[in-house]
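Please read the structure below before turning to the comments.
The values are calculated or read from the model by the stated rules, or taken from the named source; none is laboratory data. Remember, predicted model here, so these are calculated numbers, not experimental data. So basically every Cβ, Gly included, is an ideal-geometry build from the backbone, and we count neighbours across all protein chains shown.
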Amino acid sequence: MQILCHRHIMKRIYAYISAVLILLASCTPKDRYMTFSGFAQGGTYTVKLNLKGVDEKPMEIRDSVEALLQQIDFSLSGYNKSSILSRFNAGESVTADSLFLDIYSHAHNIYGKTNGLVDAAAGPLFDIWGFGFKSGELPDDALVAQTIATSGMKRLKSDMNGLLSEDGTLAPASLLADGLQDQTLPKLNYNAIAQGYSCDVVARYLYSIGVKDMMVDIGEIFCDGVNPSGQPWTLGIDRPTDGNNEIGADIQGIFRVPAGPHGVVTSGNYRKFYVKGGRKYAHTIDPLTGYPVDHNLLSATIVAPDAMMADAYATYCMVIGLEAAQEFIESDPDLEGCLIYDDNGVFASWTSSGFVLESL
């Protein structure tokens with residue numbers, strides 16, 4: 001009850017701040033920027049947008065974004081025990097909404113594009129290492145091998161839409177590839193793309209009401225247009241120091257987002273890890289080996305046309321390591337990136353040609 005009351009109070013504070021910002025921004029004759037924040041996906045979100053040319057009222061926009069985020073939580077959250085995803089993972093037949101169907105389609109596509117290294121059906125691997133929806137730590141080789149064999153997109157059909165029953169429900173066993181229906185049921189985990197996907201969902205709504213200048217921050221970021229100063233959106237790239245859990249507290253450099261729509265996502269091994277026997281076990285796990293990665297790449301920031309792909313490819317880079325990540329980023333004209341790595345105990349960074357990292 002105390003937590004709920006605290007959140008209620010905080011939401012009222014955020015609403016008040018939003019109203020003040022709207023009033024101040026309205027003093028300019030052309031551009032009218034508003035900012036509002038709230039709670040989402042275990043943290044906070046912030047949306048900044050230009051109201052120029054938009055008919056919807058500011059509070060209606062905020063309420064619509066809140067409703068979208070609540071719908072995403074009800075559908076895709078593995079931490080919400082009553083969500084569609086949680087009930088599906090528990091073996092229950094569910095009524096799959098459009099979000100549940102859409103993100104599965106994207107996840108299967110990403111699985112193919114990353115050669116199986118970003119795998120939304122490898123959630124049980126993260127569970128046994130203690131980085132998923134369940135507690136775990138230092139599994140033995142036998143458990144790792146067993147978990148690899150009974151999880152992964154390799155066991156699942158690609159088209160979820162075609163598996164719906166006449167009443168719109170989806171049985172977990174129906175998603176299993178032919179011949180596997182009597183084996184371990186699938187368990188999905190969208191942590192590698194869910195926040196980026198959420199940014200894109202909110203951005204699509206903002207575009208639909210005429211917004212051209214926006215920044216959507218839900219842990220990951222999508223932005224388009226310009227900021228209230230008429231300049232490109234500016235983002236800080238965190239220094240990947242172990243235990244740096246406060247975003248913006250320790251900055252490696254500043255990045256100005258290029259013109260046009262872009263997702264900007266950083267993935268790293270400096271916030272989610274544990275140390276046992278003097279060895280660091282990071283939350284980035286290679287789904288093909290079943291073990292946490294062990295290389296000198298500390299964080300990967302990816303700029304892509306949308307936030308979901310930036311999210312997926314940032315994770316992919318963290319799995320494949322520094323040299324392979326450099327080659328991957330340079331091979332795709334739609335991507336830019338910044339890789340921060342350990343160079344004999346010193347932070348070093350590599351950036352693609354279109355990624356300018358400005359020092360503080």
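Looking at Ser64, Ser82, which is the one that is hydroxyl-bearing (Ser, Thr, Tyr), at pLDDT 95 or above and not in a helix (DSSP H, G or I)? Unique residue meeting the criteria: Ser82. Checked against (1) among the acidic types (Asp, Glu); (2) free of Cβ contacts under 8 Å to residues at least 12 places away in the same chain; (3) within 26 Å of Cys317 (Cα to Cα), Glu166 meets all criteria but (3). Where the second residue is of a type in the set (Lys, Arg) and the first is within 18 Å of Pro232 (Cβ to Cβ) and lies in region 193-217, which pairs have Cβ atoms under 6 Å and are six or more apart or on separate chains? Note: pairs meeting the criteria are Met215/Lys48. Taking region 57-77 as the range and being buried (at least 16 other Cβ atoms within 10 Å of the Cβ) and not hydroxyl-bearing (Ser, Thr, Tyr) as the test, the residues that pass are Pro58, Ile61, Arg62, Val65, Glu66, Leu68, Leu69, Ile72, Asp73, Phe74, Leu76. If you go through region 223-231 one residue at a time, do you hit one that is of a type outside the set (Phe, Trp, Tyr), touching a residue at least 40 places away in the same chain (Cβ under 8 Å) and under 28 Å from Ser151 (Cα atoms)? Among the residues of region 223-231, not one is of a type outside the set (Phe, Trp, Tyr), touching a residue at least 40 places away in the same chain (Cβ under 8 Å) and under 28 Å from Ser151 (Cα atoms), which makes the answer no.
So, in region 327-353, of the ones that are over 21 Å from Val257 (Cβ atoms) and touching a residue at least 24 places away in the same chain (Cβ under 8 Å), which residue ends up surrounded by the most Cβ atoms within 10 Å (Cβ to Cβ)? Out of the qualifying residues, it is Tyr341.
Scanning region 98-149 for residues that are hydroxyl-bearing (Ser, Thr, Tyr), at pLDDT 95 or above and assigned to a loop (DSSP other than H, G, I, E, B) yields a single hit, Thr114. Among residues of region 263-289 that are within 30 Å of Thr234 (Cα to Cα) and assigned to a loop (DSSP other than H, G, I, E, B), those with a Cβ under 7 angstrom from a residue that is modelled with pLDDT under 90 and among the charged types (D, E, K, R), sequence gap 6+ or separate chain, pair up as Tyr270/Asp242; His283/Lys272. Taken over region 78-99, the residue count meeting the criterion of being in contact (Cβ under 8 Å) with a residue 60 or more places away in the chain and crowded, with 16+ Cβ neighbours inside 10 Å is 7. One residue stands out in region 293-303 among those that are within 13 Å of Tyr316 (Cα to Cα) and not aliphatic (A, V, I, L, M): the one that is surrounded by the most Cβ atoms within 10 Å (Cβ to Cβ), namely Thr301.
Considering only residues that are under 20 Å from Ala192 (Cβ atoms), at pLDDT below 80 and not polar (S, T, N, Q), which ones fall in region 231-269? Within region 231-269, Pro240, Ile247 qualify. Taken as a whole, region 151-168 holds at least one residue that is at pLDDT below 95, surrounded by fewer than 22 Cβ atoms within 10 Å (Cβ to Cβ) and either β-branched (Val, Ile, Thr) or at positive phi (or both).
Within region 332-360, the set of residues being over 23 Å from the mean Cα position of the chain (by Cα), over 19 Å from Asp294 (Cβ atoms) and among the polar types (S, T, N, Q) comprises Ser353, Ser359. Filtering region 39-51 to residues that are buried (at least 16 other Cβ atoms within 10 Å of the Cβ) and modelled with pLDDT of 95 or more leaves Tyr45, Val47, Lys48, Leu49, Asn50, Leu51.
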